[in-house]
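Notes for the one structure printed next.
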Amino acid sequence: MNKVFKNIILTFAIGCVVFVIGQYLSNGFKYDTTSQFIEYFIFYQLYAFVLGFSNMTFFSYMERRKWMSGQYVKRVLLGILGSTLITLLGLFLLRAFTSVVYFGNSFSFFISNETWKGYSFGLWITLTIVSIFHVVYFYNRYQKNKLKEQKVIAGTASAKFDALKNQLDPHFLFNSLNVLTSLIEENPDNAQKFTTSLSKVYRYVLEQKNKDLVTVDEELKFAKTYMSLLKMRFEDSIIFDIPKQATNPESKVVPLSLQLLLENAVKHNIVTSSKPLHIKIYETNGSLVVENNLQTKEIVKKSSGVGLENIKQRYQLLTNKRVVINQSQNDFMVAIPILTKEIVIMKQIPKQQLDDSYVRARKHVEELKEFYYNLISYCIVIPFLIFINYKTSWDYKWFFFPMFGWAVGISFHAYKVFVNDGMLGKSWEEKKIKKFMEEDNQKRWN
């Protein structure tokens with residue numbers, strides 16, 4: 001629907017509401033003739049149209065301006081001040097036009113008979129509506145920014161996690177080819193066996209590297225296969241101690257974490273028959289530990305930083321638990337957190353927000369909180385405004401305007417929170433989502 005046409009409908013609706021309020025406060029809907037009723041109604045619509053469109057134009061201008069993140073108060077103050085000046089100017093021109101053109105009075109007569117009373121009703125009505133517009137605008141903007149922020153965070157985390165996982169493929173292949181090159185020179189027979197086993201191991205790398213988590217049993221099984229490759233090269237120079245299976249079949253770790261830690265241990269330590277490297281894998285205190293005796297190489301090539309740092313960053317994106325690194329004079333130990341099924345589900349919620357019942361329930365609870373805050377604010381502010389009105393000018397009961405406008409907003413808010421079906425309810429929302437998805441799919445295929 002065209003924006004101008006929407007604004008016309010909106011100003012007409014506002015004019016009808018203001019007409020009802022104004023007539024109720026003045027003559028109580030008492031008219032001598034039908035033409036008098038039509039005349040009053042047309043004048044109210046004229047005022048609503050001029051004041052409504054002028055304020056909408058100003059509001060659109062304010063919305064188009066670039067505001068800094070800390071200028072929300074300035075934005076509101078300038079908005080209210082601008083609306084006040086525009087409304088007063090509009091009322092003055094409308095009243096002058098009515099007096100001079102419609103009633104045939106002179107402009108000097110109009111000026112001499114002008115009082116504040118002729119402006120107070122229109123000003124209070126306009127400021128009430130403008131205030132509601134500002135509340136709705138900033139609330140929608142807050143929700144959009146919140147959603148945008150969550151999408152950016154989720155997108156960044158997802159992209160970073162994918163990038164970390166994609167490091168594993170070339171990293172593993174590069175290091176395995178280095179081992180193969182060494183074996184060809186040292187032991188050609190083992191090099192052939194290594195090539196055959198490498199194909200099986202590399203298949204696991206390709207299958208598991210795109211997963212967020214794998215079971216500890218799967219990782220232990222792969223670690224044993226990878227250890228067999230290392231044994232082909234180092235033979236008795238390397239000794240492994242590894243459990244057959246995990247204590248909890250449901251426990252999980254990030255994929256290829258053991259392979260990276262085993263590779264890291266071999267890369268940074270002396271591995272000879274005179275100084276064998278002892279690597280032990282075990283569970284303790286909810287962690288899977290890889291421990292080795294420390295016999296650091298004197299000259300080590302500059303580390304690429306992929307191995308251990310990769311594991312740490314992937315865990316940071318999945319859980320609050322951290323990878324623990326402990327180095328003593330004789331030993332080096334890395335403990336990676338074992339994640340339970342419950343933690344995995346909780347951490348995977350952002351990836352299935354649209355279908356997850358937990359997120360829907362949480363969203364509904366937040367909407368309920370917002371509604372109750374809105375209702376409590378209404379119950380506190382409105383009596384205060386009534387008291388102010390009573391103490392200042394009780395003859396003119398202007399508190400009706402904010403009370404009525406705010407009540408309408410609360411009614412819409414209540415409908416949104418408590419009505420799960422019907423017009424604009426859950427069924428309508430699901431139908432619209434389905435419709436837009438189908439239209440989008442059709443556009444992609446056409």
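If you filter region 313-360 down to residues that are charged (D, E, K, R) and at pLDDT 80 or above, you find that the one that is least open to solvent (accessible area, probe 1.4 Å) is 331. Scanning region 54-64 for residues being closer than 15 Å to residue 87 by Cα and open to solvent by 50 Å² or more (accessible area, probe 1.4 Å) gives a total of 1.
Just one of the listed residues (211, 221) is outside any loop (DSSP other than H, G, I, E, B) and open to solvent by 70 Å² or more (accessible area, probe 1.4 Å), namely 221.
Tell me whether region 361-382 contains one or more residues that are at pLDDT below 50, acidic (Asp, Glu) and open to solvent by less than 50 Å² (accessible area, probe 1.4 Å).
No, region 361-382 has no match at all.
Looking at the structure I just gave you, is residue 31 assigned to a loop (DSSP other than H, G, I, E, B) and either within 22 Å of residue 93 (Cβ to Cβ) or aromatic (Phe, Trp, Tyr) (or both)? Here the answer is yes, as residue 31 does meet what is asked. Among the residues of region 11-35, the one identified as polar (S, T, N, Q), farther than 21 Å from residue 396 by Cβ and open to solvent by less than 50 Å² (accessible area, probe 1.4 Å) is 11. The residue list 90, 82 contains one member that is in contact (Cβ under 8 Å) with a residue 24 or more places away in the chain, over 23 Å from residue 135 (Cα atoms), surrounded by 15 or more Cβ atoms within 10 Å (Cβ to Cβ) and of a type outside the set (Asp, Glu), which is 90.
The values are calculated or read from the model by the stated rules, or taken from the named source; none is laboratory data. These numbers come from a predicted model, not from an experiment. Because the Cβ atoms are built from the backbone with ideal geometry, glycine has one as well, and the counts that use them run over all protein chains shown. Surface accessibility is based on the protein's heavy atoms, side chains included, excluding ligands, DNA and RNA. Shrake-Rupley method; radii C 1.70, N 1.55, O 1.52, S 1.80 Å.
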